[in-house]
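Some notes on the structure that comes next.
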Amino acid sequence: VGTPRCSAYSATKFGVRGLTKTAALELGGDNIRVNSVHPGTIQTPMTSDENGLLDSIKAISTSIPLGRVGQPQEAANLILFLASDESSFSTGAQFIADGAVLAA
């Protein structure tokens, strides 16, 4: 989504979406799949209290329909699925792991 005062960040996110689709179309004939993963707030050292963000993260988690931030393993599991043959017919897609924030 667009975010005020974050035009460069938003532009790169939207750029990844377009690049994902274009690369999937260009590389599909070579049996190369291209997907992108777009995580929401994930609990990492960057979002830790060490960086003074704990209160902000707690506030953000109340706006997440699942009621919590994501864990790194949850994002890793999605990426592992996409890298496996279990997703062999998925290409050109954006996979969102945000606890349903963008579902609204």
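The values are calculated or read from the model by the stated rules, or taken from the named source; none is laboratory data. Since the model is a prediction, treat every value here as computed from it, not as a measurement. Virtual Cβ from ideal backbone geometry, glycine too; neighbours counted across all protein chains shown. These accessible areas exclude ligands, DNA and RNA; they are computed on the full protein's heavy atoms, side chains included. Shrake-Rupley method; radii C 1.70, N 1.55, O 1.52, S 1.80 Å.
Give me the pairs, please: first residue somewhere in segment 74-98 and in contact (Cβ under 8 Å) with a residue 40 or more places away in the chain, second residue anywhere and in a loop (DSSP other than H, G, I, E, B) and among the aliphatic types (A, V, I, L, M), beta-carbon distance under 8 Å, and either six or more positions apart or on two chains.
Partner pairs satisfying both residue conditions: Thr91/Val34; Gly92/Val34; Asp98/Ile64.
Sort through Ile42, Ile79, Ile32, Ile64 and tell me the only one that's among the β-branched types (Val, Ile, Thr), open to solvent by 70 Å² or more (accessible area, probe 1.4 Å) and under 16 Å from the mean Cα position of the chain (by Cα).
Details: Ile42 fails: open to solvent by 70 Å² or more (accessible area, probe 1.4 Å); Ile32 fails: under 16 Å from the mean Cα position of the chain (by Cα); Ile64 fails: open to solvent by 70 Å² or more (accessible area, probe 1.4 Å).
Exactly one residue qualifies, and that residue is Ile79.
Listed here are the residues, each with its yes/no results for (1) aliphatic (A, V, I, L, M); (2) in a strand (DSSP E or B); (3) surrounded by fewer than 16 Cβ atoms within 10 Å (Cβ to Cβ).
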| position | (1), (2), (3) |
| --- | --- |
| Arg17 | no, no, yes |
| Ala23 | yes, no, no |
| Met46 | yes, no, yes |
| Arg68 | no, no, yes |
| Thr91 | no, no, no |
| Phe95 | no, yes, no |
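Do the conditions hold for Ala11, that is, is it free of Cβ contacts under 8 Å to residues at least 40 places away in the same chain, assigned to a helix (DSSP H, G or I) and more than 19 Å from the chain's Cα centre (by Cα)? Before the answer, list the steps.
Numbers: free of Cβ contacts under 8 Å to residues at least 40 places away in the same chain: yes; assigned to a helix (DSSP H, G or I): yes; more than 19 Å from the chain's Cα centre (by Cα): no.
When the stated conditions are applied, Ala11 does not pass them.
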